[in-house]
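Take a look at the structure set out below.
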Amino acid sequence: MDQRDPQQDRLAREFETLRSRYGVDSADELQDMLTSMETQLCALYAEVERATRPSAEDGAFENLEFQLKALYAERERLTERTGVTALADVETMIESLSAQLSNLYAEREDCIIIDGRNITIHGPRRVVIRKKK
């Protein structure tokens, strides 16, 4: 009987594993296969990097999207607080409030306000009130 060295048996088993699992018959084929896999893996990593890294255009798009969301949020707050949705309605409301304020100041020009024990006189003339002792 042929007696083989344990190292030869181990090499024979490893060679059979390479053939059955990986389809290669030599160390050179295995080297080529690993080099090809490494190249493919590097290309895949580079592709994933390009796909996930934001470009300048993506940044501009994200900035525009952020601005648009902020604009809609402001518009929603304006609608909730004032009850108006259109810019023309807001302008009308501001003009109305300005007119009301002007009317209020005009009414206060020549008036007397009595608030409890305090009397306030508004007008173009100077008024002096003396209290008797």
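The values are calculated or read from the model by the stated rules, or taken from the named source; none is laboratory data. Given the structure is predicted, the values throughout are model-derived calculations rather than measurements. All Cβ positions, glycine included, derive from the backbone under ideal geometry; neighbour counts span all protein chains shown.
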### Message
Checking residue 71 against (1) at pLDDT 85 or above; (2) in contact with a helix residue (DSSP H, G or I) (Cβ under 7 Å, 6 or more places away or on another chain), only one condition comes out false. Which one?
### Response
(2)
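Confirm whether residue 90 is of a type in the set (A, V, I, L, M) and modelled with pLDDT under 85.
Working: of a type in the set (A, V, I, L, M): yes; modelled with pLDDT under 85: yes.
Here the answer is yes, as residue 90 does meet what is asked.
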### Task
Please work out if residue 95 is in a helix (DSSP H, G or I), surrounded by 10 or more Cβ atoms within 10 Å (Cβ to Cβ), out of contact with any helix residue (DSSP H, G or I) (no Cβ under 9 Å at 6 or more places or on another chain) and at pLDDT 85 or above.
yes
